[in-house]
Each structure stands twice: as C-alpha cells, then as structure tokens.
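Notes follow the structure.
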Amino acid sequence: MGGTWRQAWSIVGRELKIDRYYVMASLLFIAYMGFFTGMFIGEMPERGSLLLMLDLLFWAIASMAGYYFSRRITKYITEDSYTSMLGYYRTLPISASVLAAARMLQLLLSTLCNGTILFVVMYLVHDGVRTQMNLGAYLVFALTWTAFGLAFNSLYILLELLMRGRAYFWYSCVLLVVMELIVLIAHYSGWSFVGSSIRISAERGAASPALWILLILAASAIVVSYRIIVQRLPRRDLA
C-alpha cells in the first residue's frame, strides 16, 4: 500500500510541475473570487436580494475549489484529454489503484490550497464577514463548505475518469442544471444555503450538525469513488 501512495505522489508532482503556470493562475483566480464573494457576504444583512446569487456562487466555487486550471481540463472535449492521459498511463506499470489514489490526492491538495486562499481572503478583507461570524464560527462555516466541495467533486472525478470527454461535458451540464434548480427551489421556498450555514455556524459552532453530516458525507464519497474507480477503470475501453 505504501508503494501505491508513493507512486500516486509521483504522479501528482509530475502533473503539478507540468501545469505550474496554470496552477498559479488558479490560485490568483480563487483569490479574486474570495474577494468578491466576501464582499457579497458582508453586504448580505442589508441586501437580502444577494442571497440567491450567493447560493449559486457558493455552489459553483465549492465545486471549483477541487480543481486547478490545466491544459488537460481546457482540452477535455476537443482532444478527450483525460482518456489520452489514461491511455498513456496504461502503457506504464501503473495500477488503477495508483491512478485513483493520485486523483484523490489532487482533489485534497487542490481543495486545501484553493480553500485556504478563498476563505482567508474572504475573512481578512471584509469587515462585514467578521461582523457576522467570529473566527471560530467562520472556521466551521469554511469547513462545512469545504466538505460539501469534496463530496461534490468526488462525483465529478468519477465522470472524469470513467467517461469520454463529450459524455463528461454533458453529464457536467446536467449536474449544473440540477444544482441550479435545487438552489432556485430552496430560494423560492424561503431557504438560503449560505444564509443558513452562516446562521448555524454562528449559533452552534463546532456542534453544527451540517458540518458533521457533510464531513462524513465527504469522507464516504471519497472512499466510495476511489473503490469504484479501482474496480471499473481497468475495464474501461480507451481505444
């Protein structure tokens, strides 16, 4: 098992070296998103009309935090770049478990780096965010959305590695539409995901049920996705 993780780290390091300029652009972009999202949260108590936009924005940011820009992600439709990558690795003595572990490590590393920048910028730059949540409550809020992002991105990883580029694109579009419909239905039913998560984090702190439910869901999603990839990837047709 130790050899599996060593190989996985080698793949992650190679990918980061190849895409280092894309990674830098990703970090700058996530800082930019953190600045404007924090501004909206700060203005939320005075402008309730921002709740819908914040809900849509946070769902999108949470899913983006698990990725960094790369040439592969920009070419996955035209060149089916993920399938080409898997075809290349299949020619090497690398098992499906190594590839699955590498992808999960990339997810965790991207989420850690992007999430840290996102939430630190949001909290430090805008007084309105600090007014609504003290540091402890804000950490709970950040962990809650980080856990959601990990769970959501585990599904994207399944699509990424087990489908061709065009199928991955269309399934991603369907997920996006479903996500937006859920947000719209909740909004017009008087519920806000961001507003509620702020309130629960401020009132309950580390006892927030949303935090622990999503952490358990995220851990389960990562483990289940890993196992599905290990089982199905060797049987995938890459021709």
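Nothing in this text is a laboratory measurement; each read-out follows from the coordinates by a stated rule. Please read all numbers here as calculations on a predicted model, not as lab measurements. Here the Cβ is made from the backbone with ideal geometry for all residues, glycine too, and neighbour counts use every protein chain on show.
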- Task: Rounded to the nearest 500, what is the 222 nm mean residue ellipticity of the chain from helices alone, with -39500 (n - 2.57) per DSSP H run of 4+ residues and division by all residues?
- Result: -27500 deg cm²/dmol
- Within the range 60-91: backbone nitrogen closer than 12 Å to the residue 238 label point (7 Å, Cα to C-beta): 82-91
- Counting other Cβ atoms within 10 Å, keep those with at most 16, restrict to DSSP loop, and tell me which GluC sites (Glu not before Pro) in the range 20-128 are left. 46, 79
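Can you compute the equivalent ellipsoid semi-axes for the range 116-236, i.e. the square root of 5 times each eigenvalue of the Cα gyration tensor, sorted largest first and rounded to whole Å?
Numbers: eigenvalues 195, 60, 37 Å².
Equivalent ellipsoid semi-axes, largest first: 31, 17, 14 Å.
Which of rounded, prolate, oblate describes the range 169-222, given a ≥ b ≥ c as roots of the alpha-carbon gyration tensor eigenvalues and a/c under 1.5 marking rounded, otherwise prolate only if a/b is larger than b/c? Walk me through the numbers on the way to the answer.
Numbers: a/c = 3.83, a/b = 1.34, b/c = 2.87.
The shape class here is oblate.
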- Using per-residue counts of other Cβ atoms within 10 Å, averaged over each peptide, order 174-182, 93-101 from highest down. 93-101, 174-182
- Message: I'm spelling it out carefully: the read-out is Rg/Rh (Cα atoms, Kirkwood Rh), the candidates are [x] 0.99; [y] 0.96; [z] 1.02, and one was derived from this structure. Which label?
- Response: [x]
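Helices from the chain with mean Kyte-Doolittle at least 1.0 and a Cα length along the axis of 15 Å or more, per DSSP H: which? Walk me through the numbers on the way to the answer.
Working: long enough: 2-18 (24 Å, -0.33); 20-43 (35 Å, 1.11); 50-64 (21 Å, 2.15); 96-125 (43 Å, 1.73); 135-162 (40 Å, 1.61); 165-188 (34 Å, 1.44); 193-204 (16 Å, 0.21); 209-232 (34 Å, 1.65).
For the chain, where a helix must reach 15 Å along its axis and average at least 1.0, the hits are 20-43, 50-64, 96-125, 135-162, 165-188, 209-232.
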- Take each of the peptides 119-128, 186-195, average the number of other beta-carbon atoms within 10 Å over its residues, and list them starting from the highest. 119-128, 186-195
